[in-house]
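Worksheet for the structure shown next.
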Amino acid sequence: GLPLILGGDWNDGMNRVGEHGQGQSTWLGWFLAKTLTDFIPLLEERGDGARAQAYAHHVEALKSAIETKAWDGEWYIRGTFDDGSLLGSKDSDECRIDQIAQSWSVISGHGDHERSRIALDSVERLLVDPDLKIAKLFTPPFAKTDKEPGYIKSYPPGVRENGGQYTHAAIWATM
């Protein structure tokens with residue numbers, strides 16, 4: 001029930017996560033829910049009530065899918081690979097927690113309030129490095145995993161999109 005990640009969502013470096021059309025993105029689910037919600041009043045204003053209603057139903061389906069399939073106990077998973085294995089899960093060897101799925105649970109306005117609070121506490125505990133004064137995109141970075149997330153692994157571990165600080169994500173965490 002989550003949107004497909006295909007050749008990458010916000011993080012295009014994860015271009016192989018869903019290259020076969022099965023991998024899914026929790027972040028894209030939050031983003032899509034927010035975008036559809038923002039369009040509903042515009043559609044109603046234009047007299048397109050049927051489309052507004054369809055969008056509202058899709059938003060509810062997205063929220064249900066995320067809350068039932070993507071909650072990992074202390075944060076939301078980042079998504080799934082084509083083979084169904086989890087990305088951004090407490091059970092993942094690498095990319096155990098991804099910041100943008102957590103931040104967008106709040107920014108979208110659609111995350112369960114208590115779960116979003118727990119998820120952001122996890123972000124602060126696991127991704128904010130007070131010594132380096134950075135907010136990592138995810139941790140641990142991709143280095144040795146047998147999973148092939150894409151060209152993100154071409155960056156050294158902890159650099160840029162591969163588990164380093166990335167400006168958009170750091171701002172989203174602050175928001």
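Here are some notes:
- Residue in the stretch 18-29 that is crowded, with 24+ Cβ neighbours inside 10 Å and hydroxyl-bearing (S, T, Y) present: yes
- Within the stretch 144-154, tally of residues that are part of a loop (DSSP other than H, G, I, E, B) and modelled with pLDDT under 95: 5
- Among residues of the stretch 102-126 being under 13 Å from W172 (Cβ atoms) and hydrophobic (A, V, I, L, M, F, W, C), the one that is surrounded by the most Cβ atoms within 10 Å (Cβ to Cβ) is W104.
- Taking the conditions (1) closer than 20 Å to K153 by Cα; (2) more than 11 Å from the chain's Cα centre (by Cα); (3) at pLDDT below 95 in turn, G1 satisfies each one other than (1).
- Listed by first and then second residue, the pairs linking a residue in the stretch 70-83 that is at pLDDT below 95 to a residue that is among the acidic types (D, E), with Cβ atoms under 8 Å apart and 6 or more places separating them unless they lie on different chains, form an empty list.
- Among the candidates G49, G8, G29, G18, residue that is out of contact with any Ser or Thr (no Cβ under 7 Å at 6 or more places or on another chain) and at pLDDT below 95: G8
- Selection status of S103, at pLDDT 95 or above, within 18 Å of K34 (Cα to Cα) and in contact with a helix residue (DSSP H, G or I) (Cβ under 9 Å, 6 or more places away or on another chain): yes
- Members of the stretch 1-17 found to be closer than 18 Å to R160 by Cβ and open to solvent by 60 Å² or more (accessible area, probe 1.4 Å), listed by number: D12, R16
- Against the numbered list (1) at pLDDT below 95; (2) among the basic types (K, R); (3) under 17 Å from W27 (Cα atoms), K63 comes up short only at (1).
- For the stretch 63-101, filtered to residues that are of a type in the set (G, A, S) and not in a loop (DSSP other than H, G, I, E, B), the residue that is surrounded by the fewest Cβ atoms within 10 Å (Cβ to Cβ) is S64.
- Selection from the stretch 46-59 of residues that are surrounded by fewer than 12 Cβ atoms within 10 Å (Cβ to Cβ) and within 18 Å of the chain's Cα centre (by Cα): none
The values are calculated or read from the model by the stated rules, or taken from the named source; none is laboratory data. Model, not experiment: these values are computed from the prediction. Because the Cβ atoms are built from the backbone with ideal geometry, glycine has one as well, and the counts that use them run over all protein chains shown. For accessibility, only protein heavy atoms count, side chains too; no ligands or nucleic acids. Shrake-Rupley method; radii C 1.70, N 1.55, O 1.52, S 1.80 Å.
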